[in-house]
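Read through the structure below, which is laid out as structure tokens, and then see the notes.
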Amino acid sequence: MTTFVDRVELHVAAGNGGHGCASVHREKFKPLGGPDGGNGGRGGDVILTVDQSVTTLLDYHHSPHRKATNGKPGEGGNRSGKDGQDLVLPVPDGTVVLDKAGNVLADLVGHGTSFVAAQGGRGGLGNAALASARRKAPGFALLGEPGDLQDVVLELKTVADVALVGYPSAGKSSLISVLSAAKPKIADYPFTTLVPNLGVVTAGSTVYTIADVPGLIPGASQGRGLGLEFLRHVERCSVLVHVLDTATLESDRDPLSDLDIIEEELRQYGGLGDRPRVVVLNKIDVPDGKDLAEMVRPELEERGYRVFEVSAVAHLGLRELSFALAELVAGARAARPKEEATRIVIRPKAVDDTGFTVTREEDGLFRVRGEKPERWVRQTDFNNDEAVGYLADRLGRLGVEEQLLKAGARSGDGVAIGPEDNAVVFDWEPSMMAGAEMLGRRGEDHRFEAPRPAAQRRRDRQAERDEADEEFEGFDPF
């Protein structure tokens, strides 16, 4: 059964915002006490956070669909809806977040580092928040916005100072077990190590981490064997250690050819050319291994490598190797640029930036794109005429109608607000008048030609009363 997963595709959904409430305050002797509809609650976010106690992405491999809770709708009495609860997903240190195209969205290194993978939707405003001096009692409220839906890829890159690389059964697991307290699986057959192992080494005053990367073979950078799956774990390491087997039983292998093959795989993978290299000739406790190590050491030193002869079984040469790696790690840490406080960069929008665009497509349709117009459309209840009129007022104040006229739009032309796969399309009727002064009684908008039977009945009754009053004034009982 799989116990270590270092790459998963995660489908996250943030919570939807709650709808605003359209309500009118009523109590005894105050039948129309004004609007008191509350706002909807905000939808919960989906947040990825580094947790040191998590070492694998296995949970997300089995359950790749995660969703935050929705915000609650507003209620009467100026009661706002409850915000949705954020969904915090713990990930291992060194997790890289990518989109489906492979673009890096976040590199999560360090305990507590977080990234909002999906933003929760805003809650809709209630009619109490929409009231103004001219719109005293709005008969509508805004809808809550839907939360983001995102598909992200999580890749785990081990955070370590030193990486042990080499052929299968070269002795990497044995070496990390004697240099640190790690207890990896050790056996006398290839591909014993199926997951990267981490160990902590203390050499004098320097403490560093060492990673045992699963064995590489020719063609690993193209996906052969296990190498491609775990080469990413080498990327964060400051020092690379070639562990070469001097007592191999394969007649077509020797330490120099093994080194050349592994170096070629690292070169094809890319991005590792600047890392310092150290060569460890392992298994010198075997007589033939000791002789072979003495034969190849001069040539390795001529190539510029720092060479150490060790035996993980007999514990030979380990102290010198440990302190040499500590020296290289300390030098790499000192060479890193000092971390500076995050600078807050303020980028004000240009004065002439309208915040939206109007383009004419080949079929004659005019498309409006922009954060504000698209958000306003999502918040509008199109079953409510007054809400639609309020949307028209907002678009008019933003300048959408003016830009449509400049783009050549005429009465009856099709206008779409939003992307092609999710847009609201309507036939445009220009009306340069916009504002609350165009509205009549609550729930009425004269721009919509619809019968108003209640209003007509009130006018008819008032006419009857007026006629009766005139007849009574002319009546003389004497």
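At full extension, residue 406 and residue 458 could sit 14.3 nm farther apart than now, given 0.36 nm per residue minus the alpha carbon distance. Viscosity 0.890 mPa s, temperature 25 °C: what is the translational diffusion coefficient of segment 72-163 from Stokes-Einstein with a Kirkwood Rh over Cα pairs, rounded to a whole number of µm²/s? Reported coefficient: 146 µm²/s. Surface composition of segment 256-335: carbon plus sulfur atoms contribute 52% of the solvent-accessible area (1.4 Å probe, protein chains only, all chains present). Between residue 354 and residue 427, the FRET efficiency estimated from the beta carbon spacing at R0 = 22 angstrom works out to 0.45. Along the Cα-to-Cβ line of residue 107, 7 Å from the Cα, sits a label point; which residues in segment 28-70 have backbone N less than 17 Å from it? Correct set: 50. Scanning residues 5 or more positions from residue 67 or on other chains, those with amide H under 5 Å from its amide H are 13, with H placed 1.01 Å from N in the peptide plane.
Per-residue 3J(HN,Hα) values for segment 150-163, derived from phi via the Karplus relation 6.51 cos²θ - 1.76 cosθ + 1.60 with θ = phi - 60°, read 9, 10, 10, 10, 9, 10, 9, 10, 4, 9, 8, 8, 10, 10 Hz in sequence order (x marks Gly and Pro). 3J(HN,Hα) couplings calculated from phi for segment 123-132 with the Karplus curve 6.51 cos²θ - 1.76 cosθ + 1.60 (θ = phi - 60°) are, in sequence order, x, x, 6, x, 5, 5, 6, 8, 5, 9 Hz; Gly and Pro show x.
With a Förster radius of 35 Å applied to the C-beta separation of residue 302 and residue 202, the computed FRET efficiency comes to 0.60. Contact order for segment 1-140, expressed relative to its length and based on alpha carbon pairs under 8 Å spaced 6+ residues apart, stands at 35 percent. For segment 1-158, the solvent-accessible area works out to 50 Å² per residue, with a probe of 1.4 Å and every protein chain left in place. Taking 23 Å as the limit for the C-alpha separation, the pairs 30/82; 28/136; 30/136; 372/406; 172/290 exceed it in the case of 30/82. Residue ranges 374-382, 158-166 sort as 158-166, 374-382 when ordered by packing (mean number of other C-beta atoms within 10 Å per residue, highest first).
The values are calculated or read from the model by the stated rules, or taken from the named source; none is laboratory data. Source: prediction; values computed, not measured. All Cβ positions, glycine included, derive from the backbone under ideal geometry; neighbour counts span all protein chains shown. Surface accessibility is based on the protein's heavy atoms, side chains included, excluding ligands, DNA and RNA. Shrake-Rupley method; radii C 1.70, N 1.55, O 1.52, S 1.80 Å.
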